[in-house]
Amino acid sequence: MNLKRKLALSDISGFALASVLVLTIFNVILQNSLLTQNSAGNALLALSSHEGVANAVTTVVVYFRGFDTLGEIAVLFIASLGIGLILENPHAKQGKKEESNFMLKTAAKLLFPIILLFGIYIMVYGHLSPGGGFQGGVIIASGVLLLLISSNNFHMPHKLIAILETFAGISYVFIGLIGLLLLDTFLGNFLPHDISQMGMLFSGGIIPIIYIIVGIKVGSEMSFIVQNLLQRGEHD
Amino acid sequence: MQDILGFVFLSAGVGAFLVSGIGLLRMPDIYTRMHVGTKSTTIATLLVVIGGSLLEPQWAWKLLLLAVFILLTNPLSSSVIARASHKISTPYLNNSKRDALKESEQIK
Amino acid sequence: MIGFIILFTFIALIIVAFAALVQKKLEDSIILFMGIGLGSVILFFTFNAPDVALTEAVIGSGVSTFIFLTALKHLRSEQ
């Protein structure tokens, strides 16, 4: 089978797949079953209200499946470790890149605190509204990316990233172990989580704390990945 | 009265968006497209923000923040994209007369 | 009405994704991949998750495009 025929075959199969998808979505939306069949969601909502957290998804991600989230951030850690091993060059020559103009530099300095604030907001409000640690961390990493591409001599210190990441990982496991000690389950909710407090900022016991920890870890790891990719690009 | 004024501002903003969309299709090279795609969308977004704050007065402060943010970022991104495309020497129209960025670099 | 907006966004997403698959130049594919991110911003917003929509706008058009473009640059420079 030559390449052209293969391409034509993939075209046809792609069109077939796309049309099947379109028909399915037509069916789903026109029957409005997307909005009526949420009984599983209702059951989860009823369960999650025991923890006093307004956002059911956060309760599932951080509390019911908290151990899996620990594995997830471990996967992210291994990914950033691999990128650092392959790409990091501590003897990178700085100042080879062309200087960016003053508008970009000034605006990056102006915008970075706003982006940081927005990332922290999304991290802290993860148990009240959609969002949370993963999203907030990536927003902080995008702010670091803005500083990195605008300024020539900006550099995230390796030690800071190491300290933040180690602190976040250790405190995640530590909170889980305290839960194991006090309530006989890993990541047991040992802080007060009254249902009457639901929807307020200080509610849900350990769940917002864990999401903030996840945010710190994701933010530092993503900044590390972005910085390694960019610095490797400068002197190759 | 306030509602009518708000709707007038909103429709003016949507009209500016429409003009910028048509301009993106009609303009010949990247620099004129950049002109259309950011100048008129900035004014269109500001008009929509003014209309929204007239229709819902309790949102006015949040919308003011939004307007400041748009005024900060939209011209900046257009400037950066235009400079980058000038740096990789994207061709411009044949009947363009002056290249001010090149002249300023030669003076330096 | 909102159902039709969701429907059109889904169809546009499928078309853009297919167009991203069949592009000859990899840069064009990356730019079209950004388009998928923008479509999912609209979807997240219609599903009442504005924070996630903003995050998707940041990730889809900022960070992931940057990572793809840098990887492409490294690949080109090593060839």
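The values are calculated or read from the model by the stated rules, or taken from the named source; none is laboratory data. The structure displayed is predicted, hence computed values, not measured ones. Positions of Cβ are generated from backbone atoms using ideal geometry, with glycine treated the same way; all protein chains shown enter the neighbour counts. Heavy atoms of the whole protein, side chains included, go into the accessibility calculation; ligands, DNA and RNA do not. Shrake-Rupley method; radii C 1.70, N 1.55, O 1.52, S 1.80 Å.
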ask   = Per residue and in cubic angstrom, what volume does the convex hull of the Cα atoms of region A:52-234 have?
value = 106
ask   = Which value in nm describes the separation of the simple spin-label points at residue A:72 and residue A:19, placed 7 Å from the Cα toward the beta carbon?
value = 3.8
inquiry  = Can you give me the solvent accessible area of residue A:212 with a 1.4 Å probe, rounded to the nearest 10 Å²?
reply    = 60
key: Largest-first ellipsoid semi-axes for region A:110-156, taking √(5λ) over the Cα gyration tensor eigenvalues, angstrom   = 24, 9, 6
ask   = Expressed in nm to one decimal, what extension gain is obtained for the pair residue B:102 and residue B:56 from 0.36 nm per residue of sequence separation less their Cα-Cα distance?
value = 11.8 nm
query = region A:123-182 to region C:14-79: how many Å between their Cα centroids?
reply = 23
key: Mean shadow area of region B:2-91, taken as a quarter of the surface of its Cα convex hull (nm²)   = 5.8
Spin-label pair residue A:156/residue A:190, simplified geometry with 7 Å Cα→Cβ offset, distance in nm = 3.1
request  = Tell me the Kirkwood hydrodynamic radius of the protein assembly as shown in angstroms, computed as one over the mean inverse distance between distinct C-alpha pairs.
outcome  = 24.9
Violating pairs (Cα-Cα greater than 32 angstrom) within the set A:109/A:217; A:109/B:87; B:87/C:25; B:97/C:73; B:102/C:25; A:109/B:62 = B:97/C:73
key: Neighbour-limited loop hits for chymotrypsin sites (Phe, Trp or Tyr not before Pro), region B:22-108 (at most 11 other Cβ within 10 Å; DSSP other than H, G, I, E, B)   = none
remark   = For chain B, the accessible surface attributable to carbon and sulfur atoms (probe 1.4 angstrom, ligands and nucleic acids excluded) amounts in percent to 70
ask   = Over chain C, what number does the Rg to Rh ratio reach, with both radii from the alpha-carbon atoms and Rh per Kirkwood?
value = 1.07
remark   = residue A:177 and residue B:64 label points (each 7 Å along its Cα→Cβ direction) are spaced in nm at 5.1
inquiry  = I want to verify the translational diffusion coefficient of region A:135-187 in µm²/s; compute it with Stokes-Einstein, Rh as the Kirkwood radius over Cα pairs, at 37 °C and 0.692 mPa s.
reply    = 244
